[in-house]
Every structure is written in C-alpha cells, then in structure tokens.
1. Looking at Leu175, Leu217, Leu198, Leu203, which one is within 16 Å of the ligand (Cβ to nearest atom) and either modelled with pLDDT of 95 or more or of a type in the set (A, V, I, L, M) (or both)?
2. Could you tell me which residue of segment 12-27 is nearest to the ligand (Cβ to nearest atom), considering only residues that are surrounded by 15 or more Cβ atoms within 10 Å (Cβ to Cβ) and either of a type outside the set (Asp, Glu) or on the phi > 0 side of the Ramachandran plot (or both)?
3. Take residues that are without any contact (Cβ under 8 Å) to a residue 60 or more places away in the chain and tell me which of the strands (runs of 3 or more DSSP E) falling wholly in segment 1-120 contain 1 or more.
4. Within segment 39-55, can you find the residues that are more than 7 Å from the ligand (Cβ to nearest atom) and exposed (fewer than 15 other Cβ atoms within 10 Å of the Cβ)?
5. Give segment 192-244 a look and list any residue that's of a type in the set (S, T, N, Q), under 27 Å from Ala176 (Cβ atoms) and surrounded by 18 or more Cβ atoms within 10 Å (Cβ to Cβ), or say none.
6. For segment 154-165, what are the residues that are more than 22 Å from Ala88 (Cβ to Cβ) and open to solvent by less than 10 Å² (accessible area, probe 1.4 Å)?
7. List the pairs whose first member sits in segment 236-250 and is more than 14 Å from Ser41 (Cα to Cα), whose second member is among the aromatic types (Phe, Trp, Tyr) and open to solvent by 90 Å² or more (accessible area, probe 1.4 Å), and whose Cβ atoms are under 7 Å apart, counting only residues at least 6 apart or on separate chains?
8. Out of segment 121-137, which residues are open to solvent by less than 50 Å² (accessible area, probe 1.4 Å) and either in contact (Cβ under 8 Å) with a residue 24 or more places away in the chain or hydroxyl-bearing (Ser, Thr, Tyr) (or both)?
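The values are calculated or read from the model by the stated rules, or taken from the named source; none is laboratory data. In this text the structure is predicted, and so the values were computed from the model without any measurement. FYI the Cβ positions are ideal-geometry reconstructions off the backbone, even for glycines, and counts take in every protein chain you see. Please note that ligands, DNA and RNA were not included when accessible areas were found on the heavy atoms of the full protein model with its side chains. Shrake-Rupley method; radii C 1.70, N 1.55, O 1.52, S 1.80 Å.
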Amino acid sequence: MSEAVVTLEGVDKRFDNGVQALAGVSLRVAPGEFLALLGPSGCGKSTVLRLAAGLDAPSAGRIDAPALRSGAADTAFVFQDPTLMPWASVADNVWLPLRLAGLGRAEARPRIEAALATVGLADFAAAFPNELSGGMRMRVSIARALVTRPRLLLMDEPFAALDEITRGRLNIDLLAAWQAQGFAAVFVTHSVYEAVFLSQRVLVMSARPGRVIDELLIDAPYPRSAAFRHSATFSTACARLAAALEAAHA
Ligand code: ADP
C-alpha cells in the first residue's frame, strides 16, 4: 500500500475551554482517494480537517501528514464561505497561493487559466467577485485551491449554502476535477446524498466527543452523472448511511 496522505491514530482533541471534541479518532486517507466525513453538527468534523491541515494540534494521539511535511502547498482547504478578496479580479484571487509562493502574475497565468478552465470559469478571469453568483464564487474558491496542484484537498461543507441545482452541478464538476488531477479529497458534509454521490468511502462520526463509528464503501464507477442518483446502488447506500447517521445522533 502506498504511503497515506494523512493518518490520524487515536486522536483526542480537548479545547482550552474543556470541550472534548474528539475521542480516539483514527483514519487514513490514501493517495487519490475521495473520502467523506459525515456526522451530526458539532461532532468534530471541522476539527478533524483542521488537524489534518496542521492548523491545530491534537491533545493526544498521532497525526502523520507527509503532504504537510513536503510543503504547505501540498494541502489545500475549501470552506463553506468562499472568502474571496472583493477588490481583486477572479484571476488575481486564484493567483493568491502562487503569489504567496513567490510566483509573478505573468509566470502564474497559464496555471491560473488552467485552474479556471477546470471549474468552468475560463471566461470570467477579469470579473470581480460581486459580479458572480454564489455557485460561481465557490468555483473560484475551488480553482484557488487547485491551482497549487495539491495532493490533498480538504473541504468543509463547501456547498451547504448553495441551492440544490447548483450544488448538484458543483458535485459533478468537482468529481471531474478530482478525476483529472488525482488529488485525495476529504469532504465534510451532513448530507447523506452528497456523501454517497461523491465518495468512494464514507466515515460516519458519533455525536460529541466525535469518534468514527461506521464506514461505508460506495462501490460505483466514475464518472458519476446525475443518473447515478437514480440507481439502486445509490438508494441502498443512502438508506444504509441514513440509518448510521440516526445511530450517531442517538
Ligand atoms: P462539526 O464540524 O462536526 O460541526 P466542529 O469540529 O466544528 O464540529 O466542533 C466540534 C466541537 O468542538 C463543537 O462542540 C464546537 O463547539 C467545539 N469547538 C470547535 N472549535 C473550538 C474552539 N476553538 N474552542 C472551543 N471549542 C471548540
């Protein structure tokens, strides 16, 4: 088995205010894998992502993240809020991580254009965030994450604020980008349907303190189109996960 992109082993997280967010969380993300984390609100999903990104330290247990050791650009984060700079064009927003790495605008241009093409915004490089819809702003946020060609993409409920149709389209386009670039993805959601549609594997977490209480493999080929949502595999997996989530709330 090739080296994991990130491994958590027996990880506890207790915050300074005494809240124990995680208790004995173990998980391993393989290179190129699409993994979803599903669980009740407040169960520690964002905390897992923050630990995997090296933004916070565990209280106990071990975290190994070769993708972090080899340079911060190997790991990218996408949040529910696209957090774009309103005064900068779409292209300049996407340029940001490359600029921070010392790459000039002209030098970065081909990579910026490629990242925008990947998310379907090739024609919007010169636009400003306030000219874009919510879905388009999220696409810019994804392009900004992918422009560094990360090995690991961490996504924290990125589509939760979007309408159903936009969310469905972004799911399909995210999978296309994942297939094209081969990064590993950890996708936090509390939607059973979204977890099943996207993932090869879903981990279900218990209510706080969060633990991994269940795992489901989604054995369906990619590319997955809208038709996958009407398949028997999809509905069986959703029913199974809905039951696991019910148990997690208990
Ligand atoms: P989820 O992403 O599953 O909704 P979080 O990881 O955001 O859950 O939070 C898990 C628990 O830890 C929650 O009860 C939250 O209030 C608490 N928590 C998160 N961050 C902090 C912090 N910096 N300080 C104190 N408590 C926190």
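1. Leu203
2. Residues of segment 12-27 surrounded by 15 or more Cβ atoms within 10 Å (Cβ to Cβ): 12-14, 21-25, 27.
After this cut, where a residue has to be either of a type outside the set (Asp, Glu) or on the phi > 0 side of the Ramachandran plot (or both) as well, the list is 13-14, 21-25, 27.
Details: Lys13: 8, Arg14: 9, Ala21: 4, Leu22: 8, Ala23: 11, Gly24: 15, Val25: 11, Leu27: 14 Å.
So the residue we want is Ala21.
3. Values: elements: 6-14, 20-29, 34-38, 60-64, 75-78.
Counting at least 1 such residues, we get 6-14, 20-29, 60-64.
4. Residue satisfying the conditions is Leu55 alone.
5. Across segment 192-244, the qualifying residue is only Ser199.
6. The answer is Leu154, Met155, Phe159.
7. Cys238/Tyr193
8. Taking segment 121-137 first, the residues open to solvent by less than 50 Å² (accessible area, probe 1.4 Å) are 121, 125, 127, 129, 132, 134-136.
Once the filter is applied, which keeps residues that are open to solvent by less than 50 Å² (accessible area, probe 1.4 Å) and either in contact (Cβ under 8 Å) with a residue 24 or more places away in the chain or hydroxyl-bearing (Ser, Thr, Tyr) (or both), segment 121-137 yields Leu121, Ala125, Ala127, Pro129, Leu132, Gly134, Gly135.
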